[in-house]
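The values are calculated or read from the model by the stated rules, or taken from the named source; none is laboratory data. From a predicted model like this one, the values you see are computed outputs, not experimental measurements. So basically every Cβ, Gly included, is an ideal-geometry build from the backbone, and we count neighbours across all protein chains shown. Calculation scope for accessible area: heavy atoms of the full protein, side chains included, ligands and nucleic acids excluded. Shrake-Rupley method; radii C 1.70, N 1.55, O 1.52, S 1.80 Å.
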Amino acid sequence: MLKSRFLGTFLTSLAVATVITVGNVAIDSFIPPLENKAIAAPKMTPAQQIEAVTKNKGQIGGGDQLRRFFYGDLLPLGVQPGGAGMVVNLYNKANDVTFSYCATYDVVVAVKKGKVTMFPPNEVK
């Protein structure tokens, strides 16, 4: 009697789990994932990304924007006095642009076309 009760409970639990799993797979296969199109940012061209970084130059958080747009594509060229002590000059080879970045305040302080190892001191203050 005890064995049949255990077996009945076990089989009922297994049946319920199977129905839930199959139902979930069926729903996911027929209904595409919901995406909020209003929140999704439009794709930007590299030129638009550079323009956005340049426009936000000197504003806190500009470094986050720089990392988001050019993640893995920035080559350090050197450091120089500026910003809140020292800034690092980062070169983007794909777009031939150099950014001067101050890590203390997470800001981009200068942007210039080409490979620039040292910015003029008045540009990175």
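Ranked from largest to smallest solvent-accessible area, with a 1.4 Å probe on the protein heavy atoms, Thr54, Thr98 come out as Thr54, Thr98. With the highest mean first, a sort of the peptides 67-74, 81-88 on other beta-carbon atoms found within 10 angstrom per residue produces 81-88, 67-74.
Sum up the charges of everything whose Cβ sits under 14 Å from the Cβ of Asp96, counting Lys and Arg as +1 and Asp and Glu as -1, but leave Asp96 out. Counting the neighbours of Asp96, the net charge comes to +3.
Distant-in-sequence amide contacts of Gly82, defined by a placed amide H-H separation under 5 Å and a gap of 5 or more residues or a different chain, comprise Val87.
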